[in-house]
Structure formats: structure tokens, C-alpha cells
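What follows draws every value from the coordinates through simple rules; no lab data is involved. Keep in mind that what you see is a predicted model, and the values were worked out from it rather than measured. Cβ atoms come from the backbone with ideal geometry, glycine included; neighbour counts cover every protein chain shown.
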Ligand SMILES: [Zn+2]
């Protein structure tokens, strides 16, 4: 089965997965996903910035209802899942959590991975990004 990433503009590389955001050359603010102007100083001086692949779980919740489109449910139907904000040092990234409920806690060291999102019309498996426990214990 072939696979593809849900949105190439979110990734600096696929194997291993690495996210790309943007850094403001005016005030050094880092954002994810990328945007054209800085949310802090409004300058249109954003350049691509590959993000660290490991960080810490900053906050989390249960996604208890299906997100709005463009979200697509997997073939087996929608099921609740955990989402969190991950502190990557210079930026907080909202992501799915590939972590057992009993393991989820604020401050948990986590590492970027990819997980199944859905299969598209051509039978290609579409992957989205998520964070899993970092067995090496983080920074
Ligand atoms: Zn700025």
C-alpha cells in the first residue's frame, strides 16, 4: 500500500518525519503551521523553519466530536482521540497524541511520528502527524 502525507506544506521531511513552521526575521517569533505574516509584529518576513522533533506535552484534551472539514474520518468511522499542545521550545504545536490514556500527563517527553488518518479515493493511505512517548526521555 502506498502512503502520502496529509499536507506536504506541514513537513520538512517525511522519513523521518519533521515538521516545518516559519520564523519571523523581524522579531524571531516561530509559528506552526506556516503563515505569510507574523502574528506578533505583523511583518511579512516569514521564512521556513524546520522544527525540533521532540518536546514536552504542554496541555491535552479528548477530541470528543468530529472536527470540521477538511478533517476526514477513517474508514472504520470516527472515534474520539486525544489531542495536545506540544512544547517544542520556541513554538507550541497542536497535534494528535499517539499515547495511551494512562500514560498521558503534562510534561511527558514526546517525539514526532506519523499515524493513519484515512485512505483516499485511490487507495492511498494518508498519514498525519502525531506525537508519541519519547523513550529516550526528551531533552
Ligand atoms: Zn515578528
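Hey, can you tell me all the residues within segment 41-56 that are within 14 Å of the ligand (Cβ to nearest atom) and surrounded by 12 or more Cβ atoms within 10 Å (Cβ to Cβ)?
Correct list: 41, 43, 45, 46, 49.
So, residue 4, is that one within 16 Å of the ligand (Cβ to nearest atom), in a strand (DSSP E or B) and surrounded by 13 or more Cβ atoms within 10 Å (Cβ to Cβ) or not?
no
For residue 21, are the conditions met, namely being within 16 Å of the ligand (Cβ to nearest atom) and either surrounded by 12 or more Cβ atoms within 10 Å (Cβ to Cβ) or without any contact (Cβ under 8 Å) to a residue 12 or more places away in the chain (or both)?
It is true that residue 21 is within 16 Å of the ligand (Cβ to nearest atom) and either surrounded by 12 or more Cβ atoms within 10 Å (Cβ to Cβ) or without any contact (Cβ under 8 Å) to a residue 12 or more places away in the chain (or both).
Does segment 89-99 contain at least one residue that is more than 16 Å from the ligand (Cβ to nearest atom), within 22 Å of residue 118 (Cα to Cα) and loosely packed, with under 14 Cβ neighbours inside 10 Å?
The answer is yes, given that some residue of segment 89-99 is more than 16 Å from the ligand (Cβ to nearest atom), within 22 Å of residue 118 (Cα to Cα) and loosely packed, with under 14 Cβ neighbours inside 10 Å.
Yes or no, residue by residue, for (1) in contact (Cβ under 8 Å) with a residue 24 or more places away in the chain; (2) part of a strand (DSSP E or B); (3) in contact with a strand residue (DSSP E or B) (Cβ under 6 Å, 6 or more places away or on another chain):
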site: 35; (1), (2), (3): no, no, no
site: 44; (1), (2), (3): no, no, no
site: 48; (1), (2), (3): yes, yes, yes
site: 66; (1), (2), (3): no, no, no
site: 73; (1), (2), (3): yes, no, no
site: 79; (1), (2), (3): no, no, no
site: 82; (1), (2), (3): no, yes, yes
site: 96; (1), (2), (3): yes, yes, yes
site: 111; (1), (2), (3): yes, yes, yes
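If I ask for residues that are closer than 13 Å to residue 114 by Cα and either within 16 Å of the ligand (Cβ to nearest atom) or outside any strand (DSSP E or B) (or both), which ones from segment 9-18 would you list?
Within segment 9-18, 10, 14, 15, 16, 17 meet the criteria.
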